[in-house]
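Written out below as structure tokens is the structure these notes cover.
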Amino acid sequence: MFALLQARKISFCVRIENCGWPVVRQFLAMDQQDWVIEPHRLSARARKQLLGLGFAQAKEVALRLIKVRLPNGKWEVLATSLLDQQRYPAGEFKALYGQRWGVEESFKVLKHRLHIEGFSGELPHAIEQEIYAKALMHNIAQALCSEAAQQLEEKKRARWQVNRAYAVTNVSKVVVSWFKDSADQLARMTRSLINTLSRTLEQIRPARTFSRKPAMGGAQRRWMSS
């Protein structure tokens, strides 16, 4: 995966300490917190997979490993393709990695609330339509949540947020009204849902952490091994 991203000239920053890769275990035992490792040669299986994707020249991957101290005192290890230590200081990566949280939450909503992978069609164009339709519903729900959040007092916004799961569950009402009702009826339906969302809140729990899953399986480790 790392080699494919680099071949496509896509920069990345991922968490990697539980992957089972010996180089990461070695880094965790070291005192330094920032390490640009030597270009790592990919396994024959990985090179074959990349060749099948049209990247015949992708035979190794260059990585930089960075340790970040967590609130519980443990280290997390980030792997990145941003190798320039002067241009990209190690101290910036904790905040950088934290910015992915909103993206992960959106993917969770798409997968578990909107069931984006539960296709009712079988043909490629039918599946593509369903993906776009559910992505549109997700975006409408987020827009409604944003409007509802604006109705909260500033002090309340610091402790409470709109329940996005409730918004996703009820956004279909607006979508149906969009297609069958007049503009005035749609406006009333939308305003009513926004008002309801502004009262359907969940408490913000900052700095929550969860245990990481066990190390990835042997098949994934073989991708990284030489």
Inset, instruction - Between Asn72 and Lys48, take the C-beta separation as r, use R0 = 35 Å, and let me know the FRET efficiency to the nearest 0.05. - result: 0.30
Inset, instruction - Using only Cα atoms, find the angle between the long axis of helix 164-180 and the longest principal axis of the chain, and express it within 0 to 90 degrees, rounded to the nearest 10. - result: 50
Inset, instruction - Report the label-to-label distance for Asp34 and Phe107 in nanometres (one decimal), using points 7 Å from each Cα along the Cα→Cβ vector. - result: 2.7
Inset, instruction - With a 1.4 Å probe and every protein chain left in place, work out the accessible area per residue of the chain in Å², rounded to a whole number. - result: 67
Legend entry - Viscosity 1.567 mPa s, temperature 4 °C, Stokes-Einstein D of region 46-198 from Kirkwood C-alpha radius, µm²/s: 66
Inset, instruction - Note the full-extension length gain between Glu60 and Val175 as 0.36 nm times their separation in residues minus their Cα-Cα distance, in nm to one decimal. - result: 36.6 nm
Legend entry - Other-chain or far-sequence residues with amide H under 5 Å of Trp160's (modelled H): Ile204
Inset, instruction - Give me the angle, in degrees from 0 to 90, between the Cα long axis of helix 124-150 and the longest principal axis of the Cα atoms of the chain, rounded to the nearest 10. - result: 70
Legend entry - Span from the region 15-36 Cα centroid across to the region 106-164 one, whole angstrom: 36
Inset, instruction - Report the one residue of Ala90, Phe55, Ser11 whose Cα lies farthest in the direction of the positive end of the charge dipole of the chain (charges on C-beta: Lys and Arg +1, Asp and Glu -1; origin at the Cα centre). - result: Ala90
Inset, instruction - Name the shape class, rounded, prolate or oblate, that the alpha-carbon gyration tensor gives for region 1-79, where a ≥ b ≥ c are the square roots of its eigenvalues, rounded holds for a/c under 1.5, and otherwise prolate holds if a/b is larger than b/c and oblate otherwise. - result: prolate
Inset, instruction - Please list the non-local residues whose amide H lies under 5 Å from the amide H of Leu201, H modeled 1.01 Å from N, same-chain partners needing a gap of 5 or more. - result: Asn163
Legend entry - Under 16 Å between alpha carbons - lysine pairs in region 1-151 that sit 8 or more apart or on different chains: 6
Legend entry - With at most 16 neighbouring Cβ atoms within 10 Å, loop chymotrypsin sites (Phe, Trp or Tyr not before Pro) (DSSP) excluded, longest segment of the chain: 120-209
Legend entry - Solvent-accessible area of Val174 with every protein chain in place, 1.4 Å probe, in Å² to the nearest 10: 10
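Within a Cβ distance under 11 Å of Met189, other residues only, what is the Lys/Arg minus Asp/Glu net charge?
Working: positive: Lys173, Lys180, Arg188, Arg191; negative: Asp181, Asp184.
Value of the local net charge: +2.
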Legend entry - Longest segment of the chain lacking GluC sites (Glu not before Pro) that sit in a DSSP loop with at most 10 other Cβ atoms within 10 Å: 1-121
Inset, instruction - Measure off, as a whole percent, the carbon and sulfur share of the 1.4 Å-probe accessible area of region 1-43, all protein chains present. - result: 52
Inset, instruction - Using DSSP to define loop residues, name the trypsin sites (Lys or Arg not before Pro) in region 90-179 whose beta-carbon has at most 14 other beta-carbon atoms within 10 Å. - result: Arg100, Arg159
Legend entry - Relative contact order, percent, the chain [alpha-carbon distance under 8 Å, six or more residues apart]: 23
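The values are calculated or read from the model by the stated rules, or taken from the named source; none is laboratory data. It should be emphasised that the depicted structure is a prediction, and the values quoted were computed from it without experimental measurement. Please note: Cβ atoms are built from the backbone with ideal geometry, for glycine as well, and neighbour counts cover all protein chains shown. Quick note on the areas: whole protein, heavy atoms, side chains included, nothing else; ligands and nucleic acids left out. Shrake-Rupley method; radii C 1.70, N 1.55, O 1.52, S 1.80 Å.
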